[in-house]
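K.L.:
Let me give you the structure first, and then I'll get to my questions.
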Amino acid sequence: MTGISTADLRLLRVFVAVADAGGFAAAQPRLNIAATTISNHMAALEQRLGVELCQRGRAGFRLTDKGRIVYDAARRLLDAAEAFRSQAASLKGALSGDLRMGLVDNTVTDDASPVVRAVRRFSARDHHVHLRVSIAGPQELEQGVLDGGLDLAVGSFPRRVPSLTYAPLYAERQDFYCGFGHRLFAAGSIGLDEIRRARIVTRGYWNQHDIVRLDLPPAAAAATVFNMEAQAALILSGAYLGFLPTHYARRWVEAGALQALLPDALSYDALFDLVLRRGVQPTRVVAAFADDLMAERAAD
């Protein structure tokens with residue numbers, strides 16, 4: 001490849017998306033093109049470069065050694081191209097480019113979250129920015145920011161990755177809930193020992209911090225979920241107990257389907273952060289939206 005054309009950049013974007021997703025089929029939702037088209041683009045890029053970039057089959061998808069080198073170089077090139085486009089647009093005054101944001105699920109009903117207000121504030125700016133919003137678990141969001149597939153993420157993260165920066169945004173209240181039909185629902189005076197003997201559901205993406213809060217070993221969890229809707233479904237069944245965000249559970253509490261247990265002992269605040277890549281200069285678009293998030297946080 002002696003020169004890089006617009007067509008080459010398009011092929012490299014497909015390749016990076018495939019590598020980030022871990023396969024051709026997995027990259028379809030992100031690229032919004034058919035798997036056969038992705039395969040054709042990958043074949044064209046391999047022919048253009050003269051190297052095999054990836055292998056797929058029964059053992060799964062993996063990058064070759066040369067594919068990993070090309071991936072790292074392509075990521076740097078695409079980041080630089082996006083930064084150039086943003087800076088060039090700034091000469092005309094308007095923000096331009098893409099903003100790739102990741103969020104955890106079911107946070108929109110939380111009045112404490114500044115995200116909706118920040119989007120409203122950002123939209124009042126002079127811009128021609130295309131927003132791409134993804135919903136994923138905390139670890140997937142962190143990986144997306146690390147890989148460059150996301151510009152920023154907002155969520156509650158159980159650990160700190162050294163290559164990322166975390167700026168506090170707000171706290172999400174968590175209560176421990178019982179569903180209608182469970183033996184502890186409306187049972188009156190109960191203790192922690194009775195709760196510990198029940199079936200507990202924990203959120204796997206928080207490294208089973210839920211179960212540890214009950215002073216139980218991780219193996220004591222009777223069920224593990226990886227999104228909030230699944231957590232709510234098991235608790236609403238009346239067969240499991242577990243934590244839910246207070247704002248998310250409110251509608252079922254008001255309908256008489258959920259009851260918070262021992263709020264004085266078990267309720268807590270989950271801290272939500274804005275996450276960015278450490279050591280990477282954000283584009284004007286990313287910096288502007290991050291400023292709007294922090295401004296809305298400060299306005300609370």
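K.L.:
Looking only at segment 178-188, decide whether some residue is in contact with a Cys (Cβ under 7 Å, 6 or more places away or on another chain) and of a type outside the set (Asp, Glu).
P.N.:
Within segment 178-188, one or more residues are in contact with a Cys (Cβ under 7 Å, 6 or more places away or on another chain) and of a type outside the set (Asp, Glu).
K.L.:
Turning to a different aspect of this structure: How many residues does segment 3-50 hold that are β-branched (Val, Ile, Thr) and open to solvent by 40 Å² or more (accessible area, probe 1.4 Å)?
P.N.:
Residues that pass the stated criteria total 5.
K.L.:
Right, next: In segment 206-214, is there at least one residue being of a type in the set (A, V, I, L, M, F, W, C), at pLDDT below 95 and open to solvent by 70 Å² or more (accessible area, probe 1.4 Å)?
P.N.:
Yes - at least one qualifying residue is present in segment 206-214.
K.L.:
Okay, moving on. Count, please, the residues in segment 145-163 that happen to be crowded, with 21+ Cβ neighbours inside 10 Å and not in a loop (DSSP other than H, G, I, E, B).
P.N.:
Number of matching residues: 5.
K.L.:
Out of all the residues in segment 120-168, which are in contact with a Pro (Cβ under 6 Å, 6 or more places away or on another chain) and free of Cβ contacts under 8 Å to residues at least 12 places away in the same chain?
P.N.:
Listed by number, the list is empty, since nothing qualifies.
K.L.:
Here is a check on your reading of the model: is GLN259 open to solvent by 10 Å² or more (accessible area, probe 1.4 Å) and more than 30 Å from LEU293 (Cβ to Cβ)?
P.N.:
When the stated conditions are applied, GLN259 passes them.
K.L.:
Let me confirm something: among ALA270, ALA232, which residue is touching a helix residue (DSSP H, G or I) at 6+ places or on another chain (Cβ under 8 Å) and surrounded by 15 or more Cβ atoms within 10 Å (Cβ to Cβ)?
P.N.:
Exactly one of ALA270, ALA232 is touching a helix residue (DSSP H, G or I) at 6+ places or on another chain (Cβ under 8 Å) and surrounded by 15 or more Cβ atoms within 10 Å (Cβ to Cβ), namely ALA232.
K.L.:
Might you check whether a residue that is modelled with pLDDT of 95 or more, open to solvent by 30 Å² or more (accessible area, probe 1.4 Å) and among the hydrophobic types (A, V, I, L, M, F, W, C) occurs anywhere in segment 244-253?
P.N.:
yes
The values are calculated or read from the model by the stated rules, or taken from the named source; none is laboratory data. Quick caveat, the model's predicted, so the values are computed rather than measured. In this analysis, Cβ positions are derived from the backbone assuming ideal geometry, glycine residues included, and neighbour counts consider all displayed protein chains. These area figures cover heavy atoms from the full protein model, side chains too; ligands, DNA and RNA do not enter into them. Shrake-Rupley method; radii C 1.70, N 1.55, O 1.52, S 1.80 Å.
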